[in-house]
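What follows is one structure encoded as structure tokens, with my remarks underneath.
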There are 12 protein chains.
Amino acid sequence: MADAAFKKIEVVGTSTKSYAEATANGIEKASESLHGMSWFEVVEMRGSIVDGKVHQYQVTLKIGFKVD
Amino acid sequence: MADAAFKKIEVVGTSTKSYAEATANGIEKASESLHGMSWFEVVEMRGSIVDGKVHQYQVTLKIGFKVD
Amino acid sequence: MADAAFKKIEVVGTSTKSYAEATANGIEKASESLHGMSWFEVVEMRGSIVDGKVHQYQVTLKIGFKVD
Amino acid sequence: MADAAFKKIEVVGTSTKSYAEATANGIEKASESLHGMSWFEVVEMRGSIVDGKVHQYQVTLKIGFKVD
Amino acid sequence: MADAAFKKIEVVGTSTKSYAEATANGIEKASESLHGMSWFEVVEMRGSIVDGKVHQYQVTLKIGFKVD
Amino acid sequence: MADAAFKKIEVVGTSTKSYAEATANGIEKASESLHGMSWFEVVEMRGSIVDGKVHQYQVTLKIGFKVD
Amino acid sequence: MADAAFKKIEVVGTSTKSYAEATANGIEKASESLHGMSWFEVVEMRGSIVDGKVHQYQVTLKIGFKVD
Amino acid sequence: MADAAFKKIEVVGTSTKSYAEATANGIEKASESLHGMSWFEVVEMRGSIVDGKVHQYQVTLKIGFKVD
Amino acid sequence: MADAAFKKIEVVGTSTKSYAEATANGIEKASESLHGMSWFEVVEMRGSIVDGKVHQYQVTLKIGFKVD
Amino acid sequence: MADAAFKKIEVVGTSTKSYAEATANGIEKASESLHGMSWFEVVEMRGSIVDGKVHQYQVTLKIGFKVD
Amino acid sequence: MADAAFKKIEVVGTSTKSYAEATANGIEKASESLHGMSWFEVVEMRGSIVDGKVHQYQVTLKIGFKVD
Amino acid sequence: MADAAFKKIEVVGTSTKSYAEATANGIEKASESLHGMSWFEVVEMRGSIVDGKVHQYQVTLKIGFKVD
């Protein structure tokens with residue numbers, strides 16, 4: 001079987017600034033234990049509120065990576 | 001009944017700059033009449049176009065808050 | 001028939017910085033061949049990863065424009 | 001913060017004649033207690049049956065209105 | 001077990017005039033072989049086009065009825 | 001306009017025991033400020049975990065009530 | 001053709017106590033006229049409210065059974 | 001390759017009267033520049049509100065047509 | 001009422017070879033007790049695994065047929 | 001603006017044999033008028049039935065291609 | 001990067017009694033190999049039927065836990 | 001706790017020939033590091049295009065396996 005295969009895991013990245021930074025943080029964190037990451041898909045966006053202001057942006061990502 | 005209960009309302013925040021700012025603006029506006037907001041969920045993202053450029057980012061949020 | 005009609009097309013904008021810029025880029029690109037664009041809806045958000053970091057934010061948009 | 005914000009509420013309008021009239025009735029009813037309504041989105045369409053015939057068309061709407 | 005139970009079947013009604021009439025026609029047709037129908041839910045709306053005009057409105061319904 | 005109209009609000013009920021009790025608690029809480037409630041729809045089910053065990057069942061409900 | 005085939009029907013079970021009992025009641029009722037039932041899938045959960053309390057839990061199920 | 005192929009485009013039709021007329025208007029408008037239209041699918045229903053009344057019904061359609 | 005009406009039933013076809021054969025088998029099986037079948041829609045695709053290999057492809061279909 | 005942009009169109013491919021061939025046929029047909037196609041996404045699978053057997057497999061695809 | 005990150009895994013818990021117990025069992029089982037679990041989301045509810053009665057309730061959960 | 005528990009992982013299988021082979025390849029690849037796989041669910045189907053022809057069929061699967 002020469003055809004490539006991939007796995008997807010689900011990660012939640014967070015940021016106090018933006019959805020893009022939450023995404024970047026989640027992927028950076030995942031990179032500490034995972035190699036060969038190739039793409040991500042946004043599954044959910046939410047966040048926490050403190051004192052009537054956004055406290056944290058939270059982005060749930062599916063991350064795809066090649067299976068050797 | 002000691003178990004907590006929450007309500008969710010739906011708000012559309014807008015910004016000329018980013019989805020994150022549209023989110024923050026929507027929550028800030030909601031905070032003028034609502035206390036105890038705890039979290040938000042992004043339901044929809046869209047916007048308006050003027051002269052071939054993004055004019056406004058619009059983010060629909062569900063906002064959860066505790067019922068006393 | 002005096003009632004207005006609209007069409008929607010689907011475009012993917014990209015950016016190395018943020019979802020908002022990816023959106024703006026997709027609409028700017030579409031404006032080169034399309035006039036009368038009025039609104040956009042975000043359909044999908046994803047991106048590519050290189051060396052364990054976000055390489056590109058990709059936002060799929062439906063763009064609505066008036067049919068003359 | 002000069003950017004506009006909106007709220008959405010959910011209303012079910014009913015009619016014995018059509019989905020359009022059910023929509024119109026729901027909005028007319030909502031207008032008794034709500035000002036500044038700007039748009040609606042159809043969320044669900046259903047109805048009741050009596051004696052093997054449609055008895056009532058029911059349309060669930062999200063109604064958007066500007067927050068002052 | 002005294003609690004009531006219901007079944008749902010799926011029916012497509014058609015009309016050359018409107019979605020409401022397509023709904024009514026589907027339910028009237030179902031009533032020829034089915035008794036105790038109580039409610040319907042709209043699942044899908046589509047139709048056929050002939051010579052650049054709507055030829056038929058088609059409404060797929062779930063119809064709920066009590067099981068004796 | 002004699003046709004009835006309804007509104008729906010969204011409530012999250014919680015319980016340490018079951019989804020049914022979380023539902024009942026959410027509705028009981030809503031009944032303190034709302035009259036004429038007629039039906040509910042389950043929108044989401046989730047919960048919190050403490051020390052490797054379910055700590056709280058959380059059920060998000062849409063509650064429908066008649067508008068006078 | 002030796003490969004097995006299945007059908008699915010849709011049933012609504014009800015209970016005054018819990019979602020699990022509503023499920024069990026719906027399946028028990030279906031078993032009166034149907035043999036060879038093999039699995040169920042929960043499609044929808046809702047219920048009725050009387051005097052500010054849950055009156056009935058309603059669970060819509062798809063039930064799969066083998067076709068001989 | 002003798003097997004037929006089709007394309008789908010997305011159109012928004014509008015009407016001040018009903019969803020059916022909005023559908024018919026959208027298809028009639030599309031027919032000015034498109035031939036061979038065969039079927040439509042309703043994707044979204046919404047509208048605008050002016051002075052507390054429905055001002056316009058808007059129906060988003062996918063229109064399928066044969067590719068020669 | 002001269003407008004045609006249709007029903008849809010849900011069937012699961014299976015095959016050890018492909019999704020297309022699973023589809024064909026499900027329809028062939030349904031044809032033993034049902035006449036006038038006109039179209040099908042794929043609702044779900046899944047299957048069973050034995051010894052680390054696909055054992056069976058399973059395709060859930062909605063089958064539409066005319067009601068006389 | 002150096003960031004790439006893409007468009008997506010929606011095509012229905014058909015085959016009397018399999019979903020894979022229906023996909024290939026749809027893309028081959030689209031290639032007659034479209035260059036730079038890069039990927040496809042399956043949106044819907046359905047088909048027609050004649051004399052109790054599958055007559056045609058139909059696969060709706062979104063096709064993505066680069067905008068120069 | 002000081003912002004927290006989370007992972008989600010998907011688990012199916014089972015019970016012969018209720019959906020709540022199936023949930024609790026799935027989380028208890030996951031706790032044997034996983035620490036720091038914080039919340040769960042119900043993704044799917046189904047079950048098996050034996051002799052016309054519910055044999056097993058099955059609840060698919062996404063479980064979120066902090067990544068150190 | 002004697003009730004069985006399962007986990008689900010997400011895998012993308014690929015093939016140059018068909019969706020069924022892409023499925024089989026993904027499962028075969030997963031079997032190299034995973035035992036006790038019991039069923040799969042198709043989550044997404046897509047693929048790549050080269051020179052106006054399908055280059056690769058890609059099937060995203062959820063694979064369920066028993067947790068000992």
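The values are calculated or read from the model by the stated rules, or taken from the named source; none is laboratory data. Note that the coordinates shown come from a computational prediction; the quantities given were computed from them, not determined experimentally. All Cβ positions, even for glycine, are placed from backbone atoms using ideal geometry, and neighbour counts span all protein chains on display. Accessible surface is based on the protein model in full, side chains and every heavy atom, while ligands, DNA and RNA are left aside. Shrake-Rupley method; radii C 1.70, N 1.55, O 1.52, S 1.80 Å.
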Revision key, fill the gap. Residue pairs qualifying under the 7 Å Cβ cut-off, at least six apart or on distinct chains, with the first in region J:40-67 being within 19 Å of residue I:35 (Cβ to Cβ) and the second being among the polar types (S, T, N, Q) and open to solvent by less than 30 Å² (accessible area, probe 1.4 Å), are J:54/I:23; J:55/J:48
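Counting only residues that are outside any strand (DSSP E or B) and touching a strand residue (DSSP E or B) at 6+ places or on another chain (Cβ under 7 Å), which one in region D:29-55 is nearest to residue E:23 (Cα to Cα)?
Our first condition is that a residue be outside any strand (DSSP E or B); within region D:29-55, this holds for D:29-36, D:51-52.
Those left that are additionally touching a strand residue (DSSP E or B) at 6+ places or on another chain (Cβ under 7 Å): D:29-31, D:34, D:36, D:52.
Details: D:29: 25, D:30: 26, D:31: 28, D:34: 31, D:36: 33, D:52: 12 Å.
Per the criteria, the residue is D:52.
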Point to revise | Filter result for residue F:26 (in a strand (DSSP E or B), more than 14 Å from chain K (Cβ to nearest Cβ), open to solvent by less than 20 Å² (accessible area, probe 1.4 Å) and not β-branched (Val, Ile, Thr)) | key: no
Review point. Counting only residues that are open to solvent by less than 50 Å² (accessible area, probe 1.4 Å) and more than 19 Å from residue E:44 (Cβ to Cβ), which one in region D:39-60 is farthest from the other protein chains (Cβ to nearest Cβ)?
Key: D:56
Check your understanding: surrounded by fewer than 18 Cβ atoms within 10 Å (Cβ to Cβ), free of Cβ contacts under 8 Å to residues at least 12 places away in the same chain and within 13 Å of residue A:54 (Cβ to Cβ), is that true of residue B:31?
Key -> yes
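Looking at residue E:21, is it closer than 29 Å to residue H:21 by Cβ and either open to solvent by 30 Å² or more (accessible area, probe 1.4 Å) or touching a residue at least 12 places away in the same chain (Cβ under 8 Å) (or both)?
Here the answer is yes, as residue E:21 does meet what is asked.
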Exercise for review: Evaluate the following for residue L:11: is it in a strand (DSSP E or B), among the hydrophobic types (A, V, I, L, M, F, W, C) and under 20 Å from residue J:64 (Cβ atoms)?
Suggested key: no
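Every residue, every condition in (1) modelled with pLDDT under 95; (2) within 10 Å of the chain's Cα centre (by Cα), yes or no:
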residue: C:24; (1), (2): no, yes
residue: C:35; (1), (2): yes, no
residue: C:43; (1), (2): no, yes
residue: C:50; (1), (2): no, no
residue: C:58; (1), (2): no, yes
residue: C:67; (1), (2): yes, no
Exercise for review: Collect the residues in region F:1-17 that are open to solvent by 30 Å² or more (accessible area, probe 1.4 Å) and touching a residue at least 24 places away in the same chain (Cβ under 8 Å), keeping them in residue-number order.
Suggested key: F:6, F:7, F:9, F:16, F:17
Practice item. Taking residue L:3 as meeting all but one of (1) over 15 Å from the mean Cα position of the chain (by Cα); (2) part of a strand (DSSP E or B), write down the number of the exception. Key: (2)
**Study point:** Residues that are among the charged types (D, E, K, R) and closer than 20 Å to residue E:59 by Cα, drawn from region H:1-52
**Key:** H:8, H:10, H:17, H:21, H:41, H:44, H:46
